[in-house]
Amino acid sequence: MKEEPSIYGLMAEFNSAEELLRAAKKARLEGYKKMDAFTPFPIDGLTEALGKKKSLVPFLVFLGGALGCLGGFFMEWFANVIHYRINSGGRPYNSWPAFIPITFELTILFAGFTALFALIFLNRQPQLYHPVFNAPNFERASLDKFFLCIESNDIRFDSRKTADFLKGLGAQVSEIAS
């Protein structure tokens, strides 16, 4: 006996950004929490309408930059004051203005690499397959269509009631197999 594929969620297709934003706000008011939107361009206010949290990336980039700054300064300080002391022209060993270029460069380097790896890790990349790719017409999400996906692991999800709710918002609704 062949087992039916489980449902990942319901995908609602809209024709305009305003319809999608209105639907996301109404779905949030209905109590849906596990949902995501797919659009061809950024929509102002959509992140808040979906109830997404603020990103950790800016904080992590700041920490990476601070680590690079402190590491660069310590590296030069250790090399010039502790490890290899050279009296050059009677200058002090801890001549911090000479340390600024390397300190600045390591700040930028560490912040850049932290941003890259934080984005890759937090976005769970590379992800070569996702169930929403099975939605009909989904390739138009990068062109001219707007999609709202309510996942089946949401507490309020009921296949029939959720589909009726989305159809009531003027969307074309399809099930997504996982």
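Just so you know, all these numbers are worked out from the coordinates, no wet-lab data involved. Predicted model, so just to flag it, every value in this text is computed and none were measured. Heads up, the Cβs are rebuilt from the backbone with ideal geometry, glycines too, and the neighbour counts pull from every protein chain shown.
Give the span of the stretch 108-171's Cα atoms along each principal axis, as three whole-Å numbers ordered largest to smallest.
The Cα atoms of the stretch 108-171 stretch 51, 30, 21 Å along their principal axes.
Which residues' amide hydrogens lie under 5 Å from the amide hydrogen of TYR8, considering only partners 5 or more residues apart or on another chain, with H built in the peptide plane?
ILE176, ALA177, SER178
Full extension from LYS33 to SER142: what is 0.36 nm times the residue separation minus their Cα-Cα distance, to one decimal in nm? Spell out each step's value before the answer.
Values: separation 109, 0.36 × 109 = 39.24 nm, distance 2.40 nm.
Between LYS33 and SER142, full extension yields an extra 36.8 nm.
Only helices at least 24 Å long along their axis, Cα-based, and averaging 1.6 or more on Kyte-Doolittle count here, so list those DSSP H runs from the chain.
Numbers: long enough: 57-77 (30 Å, 1.57); 100-122 (32 Å, 2.12).
Qualifying helices, which must be both long enough and hydrophobic enough, are 100-122.
Please find, in a Gaussian network model of the chain (springs between Cα atoms separated by less than 10 Å), the residue of SER16, SER88, SER142 whose mean-square fluctuation is greatest.
Of the options given, SER88 has the highest mean-square fluctuation.
Based only on Cα atoms, what Rg/Rh ratio does the stretch 35-178 have, Rh being taken as Kirkwood's radius? Before the final figure, lay out each step's value.
On the way: Rg = 25.5 Å, Rh = 19.9 Å.
We get a ratio of 1.28 for the stretch 35-178.
Taking chymotrypsin sites (Phe, Trp or Tyr not before Pro) that fall in a DSSP loop and have at most 10 other Cβ atoms within 10 Å as cut points, what is the longest piece of the chain between them?
Working: sites that count: TYR84, TYR129.
That would be 1-83.
Just to verify a number: FRET efficiency for LYS52 and LEU109, C-beta to C-beta distance, R0 = 35 Å, to 0.05? Intermediate values should be presented prior to the final figure.
Details: r = 30 Å, r/R0 = 0.85.
The value I calculate is 0.70.
Quick one: in the stretch 57-122, what % of C-alpha pairs are over 13 Å apart?
Values: 1360 of 2145 pairs.
That tail contains 63 percent of the Cα-Cα pairs.
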